[in-house]
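Computed from the coordinates by the stated procedures, all read-outs in this text should not be read as laboratory data. Computed from a predicted model, the values in this text were never measured in an experiment. Positions of Cβ are generated from backbone atoms using ideal geometry, with glycine treated the same way; all protein chains shown enter the neighbour counts.
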Amino acid sequence: MHYLDNSATTPVLREAAERAFSVMTADFGNPSSQHKMGIAAAHILEESRKAVANALHAAPGEILFTSCGTESTNMALFGAARRKRKGHILTTAIEHAATLSCCKRLGQEGFDITYLQPDEAGHISAGRFAAALRDDTILASIMLINNETGARLPVDECGRALKRRCPEALFHIDAVQGFFRVPLTPSKWSCDLMSISGHKIGAPKGIGALYLKKGLHLSPLLHGGGQENGLRSGTEALPNIAAFGTACEIRASSFARDVQHVETLKQALLAGLQARLPWALINGAGDVPHVISLSLPGCKSEVVLRILEGDEIYVSAGSACSKGKESHVLRAMKLDKARIDSAIRVSFSPFNAIEDVEALLTGLEKAAAMLKRR
């Protein structure tokens, strides 16, 4: 099997799965219980929080556990916007569906939303971001790494521009695709809120986190027993949380080596495409090594995916959350329909090998030969 859809999800690290199993079967106390097992569970909870915080160069008290990146983004955007009854929200047209859906809902509630459009490479400049700010801007939300093209947005410059123009406005960064792909330093990016997800780095599905800058208060989405400092009531998913902490520790220990390895895979793919499929088109600038969007004009992406799947090669036609719909990201980049309809996304992880690249290139040659004959 050659799995190259790691932006959708990753296999669970063995150590993370073992940690989750241990917590499920041995250390299964409720962290809110006051007896010995509850106290032990609470210790696991806080040690895991510390591991996630270390990955963000943040304080443990700034980490709020959620079920996923989507929940983190919902909590951030609704919590930040609803501190005000009206105002301007700035985001981009290439955001993940979680951000776009939240902004659509907030627009229905009376907030004024601006969606910045990208250039043909998928970039949005800090200058255009700054020019779109207004006196009544209360919130800005942009992604660090685009999940379809690998474009990196200038969050550091955007954050500074926001705080200069609108000091009271809050800045949210969707860092789901940047987590353990690039160094994350929210405290240096004027960041108030940052979304991350566990299943993109080798933790199980069903766990994420929200970085919440110290001193910032949001209204909770869930009410009840007051867990997570009153911001997310409900018994914590301790097995997933412990696995998330373990995955963070493992990925942190090999971060530099992993980045270099994935860069090697990307360069091998680009060189192979140039040599074997020189008419293939790369979509976007591809600022990071782990995501590459490419098009094979004349070859429908859904058919290419089925051909590759027949040889146990797994890629995607875009974001997993789009469920087969035309990519809003590539459309916003104003690519022509033939290019959008033939686009596939290849996404690497440190678990991939050069053999996966070779299999993909062979599979793409096979698909192109079959489809070009039609």
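Modelled spin labels at residue 59 and residue 285, positioned 7 Å past Cα toward Cβ, are 3.5 nm from each other.
Taking GluC sites (Glu not before Pro) as candidate sites, keep only those in a DSSP loop with at most 16 other Cβ atoms within 10 Å, then name the longest stretch of the chain containing none of them. Maximal segment without exposed cleavage sites: 169-311. Label separation (residue 109 vs residue 32): 2.5 nm, computed from points 7 Å beyond Cα along the C-beta direction.
Sort segment 172-213 into rounded, prolate or oblate with this rule: let a ≥ b ≥ c be the square roots of the eigenvalues of the Cα gyration tensor; rounded if a/c is under 1.5, and if a/c is not under 1.5, prolate when a/b is larger than b/c, oblate otherwise. Cα axes put segment 172-213 in the oblate bin.
A helix-only calculation puts the chain at -13000 deg cm²/dmol for mean residue ellipticity at 222 nm, using -39500 (n - 2.57) for each DSSP H run of at least four residues, averaged over all residues. Annotation: the chain has a Kirkwood hydrodynamic radius of 21.4 angstrom, from the mean reciprocal C-alpha pair distance. Rounded to 0.05, the FRET efficiency of the residue 256 and residue 302 pair, given R0 = 30 Å and the Cβ-Cβ distance, is 0.20.
When chymotrypsin sites (Phe, Trp or Tyr not before Pro) are flagged only if DSSP places them in a loop and at most 15 other Cβ atoms lie within 10 Å, the longest unflagged stretch of the chain comes out as 29-278. Within straight-line reach of residue 214, meaning a Cα separation under 24 Å, sit the following lysines at least 8 residues removed in sequence or on another chain: 50, 84, 163, 188. The per residue volume of the convex hull around the alpha-carbon atoms of segment 255-372 is 104 Å³. Put a dot 7 Å past the Cα of residue 50, heading toward its Cβ, do the same for residue 276, and the two dots end up 4.8 nm apart. Stretched out straight at 0.36 nm per residue, the stretch from residue 121 to residue 311 would grow longer than its current Cα-Cα span by 65.3 nm.
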